[in-house]
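To start, the structure itself, in structure tokens.
The values are calculated or read from the model by the stated rules, or taken from the named source; none is laboratory data. On a predicted model such as this, the values are computed, not experimentally measured, just so you know. Here the Cβ positions follow ideal geometry from the backbone for every residue, glycine too, while neighbour counts run over all protein chains shown. These accessible areas exclude ligands, DNA and RNA; they are computed on the full protein's heavy atoms, side chains included. Shrake-Rupley method; radii C 1.70, N 1.55, O 1.52, S 1.80 Å.
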Amino acid sequence: MSIPFDLHTHCALSFDGVSTAEDMVRRAVELGIKHYALTDHVDLGEFADPDFDLEATVNGARETIPALQKKFAGITDLLYGVELGQATQDYETAERLLRENRYDFVLGSTHNIRGHKDFYFIDFSQTDPLPILSAYFDETAELAEWGKFDSLAHLTYPLRYIAGEYGIKPDMSIFAPAIDRILQTLVRKNIALEINTSGLRQKIGVTMPDADIVKRYRELGGKLITIGSDAHCTDDLGKGIAEGIKLAKDTGVDKIAYYKRREVHFIAI
Ligand SMILES: [Zn+2]
Ligand SMILES: [Zn+2]
């Protein structure tokens, strides 16, 4: 079975991306992907990678992606996306970028909490994960309340390191009210929840968020699901999408959302 879509991927326009945008699109075509989003990083806040030139990335994508949309028109539906990290830490820049760029699709994410570097850099053998998780959910709730994005990316991202890399299994039941608050805000604001399949190929071994949280979003009335591999190279493109679709179906979803010019469309699954 070919892969119908992949709605979260990075090319070398991202500080941590590997393959060129054109190589990524060619690979998507090879895989038979019909709706394919490049969502390069735009990370805001004081802890963004110092080598990362925000304007150069944004302008690079603005030149590259629409040209590729023309080149591959009729072959694949290339979506000009962005992964906007930490809008909570610089709302002014976030809103300016959204005004200045005609994105098809905007992912909202939290890679670090105020006052801390990316969770990737935190030594959880020396740091209690509970206050970090608590702050993460609070800041993500704020992000959802701001709400100027289409889909919330990889909810529970710190667990990739806490559970995956450090093997610590925190009691997540204490965060149920905080997670509910985020999910309720998404439902109220008509924002999608992403099933990010990158965890399936990492030590954490499950999607972010996992099936229980996707089920909870559905129980609370959530209808909009996007699915992305979070590939940073051609090799990972499309990975885990089939599993993500199965998970979505298990929660009673029969269509996956994607966005064009910030408007929702659906793909039957
Ligand atoms: Zn991310
Ligand atoms: Zn990403």
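Observations
- Qualifying strands (runs of 3 or more DSSP E) (wholly inside region 213-269; at least 1 residues being under 18 Å from residue 9 (Cβ atoms), touching a residue at least 24 places away in the same chain (Cβ under 8 Å) and within 16 Å of ligand 1 (Cβ to nearest atom)): 225-228
- Candidates 186, 193 - the one that is at pLDDT 95 or above, open to solvent by less than 10 Å² (accessible area, probe 1.4 Å) and more than 16 Å from ligand 2 (Cβ to nearest atom): 186
- Filter result (open to solvent by 50 Å² or more (accessible area, probe 1.4 Å) and either under 27 Å from residue 42 (Cβ atoms) or in a helix (DSSP H, G or I) (or both)) within region 153-171: 160, 165
- Within region 97-146, the only residue that satisfies the criterion of being open to solvent by 10 Å² or more (accessible area, probe 1.4 Å), polar (S, T, N, Q) and assigned to a helix (DSSP H, G or I) is 134.
- Being within 16 Å of ligand 1 (Cβ to nearest atom) and either free of Cβ contacts under 8 Å to residues at least 60 places away in the same chain or not small (Gly, Ala, Ser) (or both) is not true of residue 166.
- When residue 201 is tested against (1) in contact (Cβ under 8 Å) with a residue 12 or more places away in the chain; (2) more than 16 Å from ligand 2 (Cβ to nearest atom); (3) closer than 23 Å to residue 129 by Cα, only condition (2) is not met.
- Region 56-67 residues that are of a type in the set (D, E, K, R), paired with ones that are part of a helix (DSSP H, G or I) (beta carbon under 9 Å, 6 or more apart): 62/100
- For region 12-44, the tally of residues that are touching a helix residue (DSSP H, G or I) at 6+ places or on another chain (Cβ under 9 Å), open to solvent by less than 30 Å² (accessible area, probe 1.4 Å) and closer than 21 Å to residue 112 by Cα stands at 7.
- Residue check for residue 193: closer than 25 Å to residue 15 by Cα and not in a helix (DSSP H, G or I): yes
- Just one of (1) at pLDDT below 95; (2) surrounded by 14 or more Cβ atoms within 10 Å (Cβ to Cβ) fails for residue 56. It is (2).
- Being open to solvent by 20 Å² or more (accessible area, probe 1.4 Å) and in contact with a Phe, Trp or Tyr (Cβ under 9 Å, 6 or more places away or on another chain) is not true of residue 206.
- Any hit, region 59-82, residues being closer than 20 Å to residue 158 by Cβ, in a helix (DSSP H, G or I) and not basic (Lys, Arg): no
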